[in-house]
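The values are calculated or read from the model by the stated rules, or taken from the named source; none is laboratory data. Source: prediction; values computed, not measured. Cβ placement follows ideal geometry from the backbone for every residue including glycine, while neighbour counts extend to all protein chains displayed. Surface areas here come from the heavy atoms of the whole protein model, side chains and all, with no ligands, DNA or RNA. Shrake-Rupley method; radii C 1.70, N 1.55, O 1.52, S 1.80 Å.
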Amino acid sequence: MNVLDSELVVGSLRRQGYQLVAEPVDADVILFNTCSVREHAEEKIYSALGRLTGHKKHHPEIVIGVIGCMAQKDQEIVRKRAPHVDIVCGTGQLARIPELVEEVKRSRVPQYALSLDRMEANRHEVEASFESYDPPRDAAMRPTPFQAFVRIQIGCDKFCTYCVVPSTRGPEQSRSPEHIVAESRILAAEGCKEITLLGQTVNSYEFVQGDGRRTRLSDLLERLSTINGIERIKFITNFPKDMTDDLLDAVRDLDKVCKYLHVPVQSGCNDVLKRMKRMYTVELYRDMLARCQERVPAAVISSDFIVGFCGESEESFQKSCDLVREAKFKNSFIFKYSPRKGTKADDLYPDDIPEEVKKRRNNDLLAIQNTNCLADHRSRIGQRVTVLVEGYSKLGLRQPASGPRQLTGRSMTDHIVVFDGSPRLVGQTIQVLIREASSFTLYGDVETSEVDGLALAIPEHVPNAAEESPRRIGLPLL
Ligand code: SAM
Ligand code: SF4
């Protein structure tokens, strides 16, 4: 969500005549788009702001802004800890950034643009103060021009006890399907092949028209699938309780929808899930996994875990380990619990698991997950997978331009696939035969591929790759 917000804010400033520079010290305007989910992310921003104190003293004309979740949550603290900041702008007010920048330049008075706190007004007023920010897109601002995030929902109403998102991003609101389809059509016309639909609990997406007609995520996927040029549709992140059969059937039946479901569980222990207020039990989650596998046999599932949540005993933690062993997730994102001011968990439960224990549990769970990843990846050796080529791999970026280069992309099940090939494959959908596997990556060889309508046999090594004109590969590679 933050990557998308940054793309849109930079795009709107470019339309005002600004351009990106490589170093903050060369900029007229420096914006920090912030995350509040864990404390560490916030501390990094304060350190970065601190490093700019001297620069701002010598160049008082520059504009420094803090935007996003931290701005919404901590405007007073930002003001105190970084008095040289000129703009504090929350997630629901990003459309105002160009105007705020101009106002600071004109008046030299700090500008604050924040949405209402949930307790400050009625739901309708709070919703209105969190605007979905969806201005025209700018392909040059995306990591690759052929992949784009599309927001379909803002905010969250689940109120998990550890989480700041319901206050920093406001009430859950689904965007109209007409707007989503129109934006996706424009993206497709600009050459975008893959869209990833974004929402905090994307599978609870529901838009009710004035006449009472409802559009659910399954309906939306069907409509988006008809757009020519869009080859792949993903959606993140799902809430376990809202994984309905109509959605699973849409994933199974629509060829363009990736067979990949990210459904965070957070813990394998019912007591912990109850304290987190996740509103499901491990049994319900296991049933949901079984339903996913039964209805969409080709699907792979990934998850999120928080380790060291308040009161998580060794026994509770072992239940998370058991779930990871058994569920064979494609991957798991594992986080150490970080208490957040203003959340229910911070008010109700002591943060009683020592940092060392959180670290150890994080490593232990990761080790189990990595073992599963390796087994899953090895089972794919010999398979042929369809890959959308994203760009050079980390190794490919370091390889000399005169020789073969290593490229990377993702399969329809979101597996990272690495192979040698011509840079002109970037942005193309190709077939790769998997020959090797590590815990993180599948390695393969490019097979015959359709490139711009021509069937080409791509040799394993392209001797003169550098002499071919590469497609422009936007900003940093994923
Ligand atoms: N809406 C998504 C869901 O409920 O699955 C997740 C959104 S949250 C921004 C991404 C992940 O951050 C969560 O799944 C959770 O694992 C983690 N997270 C959220 N709050 C956290 C906290 N206070 N400490 C550690 N991890 C946290
Ligand atoms: Fe946070 Fe829970 Fe909402 Fe996800 S569902 S954003 S974890 S409150």
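Can you give the percent of C-alpha pairs in the range 233-334 whose distance is more than 20 Å?
The answer is 35 percent, as a whole percent.
Using square roots of five times the C-alpha gyration tensor eigenvalues, list the equivalent-ellipsoid semi-axes of the chain in whole Å, biggest first.
Working: eigenvalues 238, 188, 114 Å².
Semi-axes from the Cα gyration tensor: 35, 31, 24 Å.
Evaluate the charge dipole of the range 359-438 about its Cα centre and quote only its size in Debye, nearest 20, assuming +1 on the Cβ of each Lys and Arg and -1 on the Cβ of each Asp and Glu.
My answer is approximately 180 debye.
Select from the range 160-230 those GluC sites (Glu not before Pro) which occupy a DSSP coil region and have at most 16 other Cβ atoms within 10 Å, ordered by residue number.
Those satisfying the criteria are GLU190.
How big is Rg to Rh over the range 69-207, alpha-carbon atoms, Rh as the Kirkwood inverse-mean-distance radius? List each step's numbers first, then the result.
Values: Rg = 16.7 Å, Rh = 16.7 Å.
In the range 69-207, Rg relative to Rh is 1.00.
Among the aspartates and glutamates, which fall within straight-line cross-link reach of LYS359, defined as a Cα-Cα distance under 17 Å, with same-chain neighbours fewer than 8 residues apart omitted?
Once the sequence-local aspartates and glutamates are set aside, what remains near LYS359 is GLU39, ASP304, GLU312, GLU314, GLU315, ASP351.
Eigenvalues of the Cα gyration tensor times 5, then square-rooted: what semi-axes does that give for the range 1-82, in whole angstrom, largest first?
Whole-Å semi-axes of the equivalent ellipsoid: 20, 18, 10.
Can you pull out the trypsin sites (Lys or Arg not before Pro) in the range 156-239 that DSSP calls coil and that have at most 13 other Cβ atoms within 10 Å?
Sites meeting the loop and neighbour criteria: ARG213.
Going toward the positive end of the dipole of the chain, with +1 on Lys and Arg Cβ and -1 on Asp and Glu Cβ, which of VAL101, PHE239, CYS258 do you reach last?
Projecting each Cα onto the dipole axis, the largest value belongs to VAL101.
Sort by residue number and report every cysteine in the chain with no other cysteine beta carbon within a distance under 4.7 Å.
When partners are defined as cysteine Cβ atoms under 4.7 Å apart, the chain leaves CYS35, CYS69, CYS89, CYS156, CYS192, CYS258, CYS269, CYS292, CYS310, CYS321, CYS373 without one.
Distance check, please: which entries in LYS193/LYS277; LYS328/LYS358; LYS56/LYS193 exceed 31 angstrom between their Cα atoms? Don't skip to the end; give the middle numbers.
Numbers: LYS193/LYS277 38 Å; LYS328/LYS358 22 Å; LYS56/LYS193 42 Å.
In this structure, LYS193/LYS277; LYS56/LYS193 lie more than 31 Å apart at Cα.
What value, in deg cm²/dmol to 500, does the helix sum -39500 (n - 2.57) over DSSP H runs of n ≥ 4 give at 222 nm once divided by the residues of the chain?
-10500 deg cm²/dmol
Using only C-alpha atoms and all pairs of different ones, pull out the Kirkwood radius for the range 346-434 in Å with one decimal. Don't skip to the answer; put the middle values down first.
Values: mean 1/r = 0.0629 Å⁻¹.
Across the range 346-434, the inverse of the average 1/r is 15.9 Å.
Along each of its three principal axes, how wide is the spread of alpha-carbon positions in the range 192-241, in whole angstrom units, largest first?
Principal-axis extents of the range 192-241 (Cα, largest first): 31, 27, 13 Å.
Measuring with a 1.4 Å probe in the full set of protein chains, what accessible area per residue, in whole Å², belongs to the range 62-164?
Accessible area per residue: 40 Å².
Does the range 175-264 classify as rounded, prolate or oblate by the C-alpha gyration tensor (a ≥ b ≥ c root eigenvalues; a/c under 1.5 gives rounded; else a/b over b/c gives prolate, otherwise oblate)?
Oblate, because a/c is 1.5 or more while a/b does not exceed b/c.
So how compact is the range 284-379: Cα radius of gyration and Dmax in angstrom?
15.1, 46
List the residues whose amide H sits under 5 Å from the amide H of GLN111, counting only those 5 or more places along or on another chain, with H placed 1.01 Å from N in the peptide plane.
Residues meeting the criterion, in which the H sits 1.01 Å from N, are ILE87, VAL88.
Please compute the per residue accessible area over the range 316-395 with all protein chains in place, 1.4 Å probe, rounded to a whole number of Å².
Result: 51 Å² of accessible area for each residue.
Compute the separation of the alpha-carbon centres of the range 147-208 and the range 311-384 and state it in Å as a whole number.
Comparing the Cα centres of the range 147-208 and the range 311-384, I get a distance of 26 Å.
Counting other Cβ atoms within 10 Å, keep those with at most 13, restrict to DSSP loop, and tell me which GluC sites (Glu not before Pro) in the range 87-170 are left.
GLU120
Under 1.5 on a/c is rounded, so check that first for the range 298-348, then, if it is not, pick prolate when a/b is larger than b/c and oblate when it is not; a ≥ b ≥ c are the square roots of the alpha carbon gyration tensor eigenvalues. Walk me through the intermediate numbers first.
Numbers: a/c = 3.48, a/b = 1.75, b/c = 1.99.
Note, shape of the range 298-348 comes out oblate.
Under 19 Å between alpha carbons, and skipping anything fewer than 8 positions from LYS73 in its own chain: which lysines qualify?
Cα-Cα hits under 19 Å: LYS44, LYS158, LYS341, LYS344.
List the relative contact order of the chain as a percent without decimals, with contacts defined as Cα pairs under 8 Å and 6+ residues apart. Show your work: numbers first, answer last.
Values: 948 pairs, mean separation 48.2, N = 478.
Result for the chain is 10 percent.
Ignoring ligands, DNA and RNA, what percent of the accessible area of the chain is carbon or sulfur (1.4 Å)?
Values: 11400 of 21500 Å².
Ligands and nucleic acids excluded, carbon and sulfur reach 53 percent.
Would you work out if the range 82-148 is rounded, prolate or oblate? Take a ≥ b ≥ c from the square roots of the eigenvalues of the alpha-carbon gyration tensor; rounded if a/c is under 1.5, else prolate when a/b is larger than b/c, oblate otherwise. Write down the numbers at each step before the final one.
Working: a/c = 2.48, a/b = 1.16, b/c = 2.13.
It comes out oblate by the Cα gyration axes.
What fraction of the Cα pairs in the range 1-149, stated in percent, has a spacing above 27 angstrom? It would help to have the intermediate numbers written out before the result.
Values: 2241 of 11026 pairs.
The calculated P(r) of the range 1-149 puts 20 percent of pairs beyond 27 Å.
Give me the orientation-averaged projected area of the Cα convex hull of the range 362-413, in nm², one decimal.
Here the figure is 5.3 nm², rounded to one decimal.
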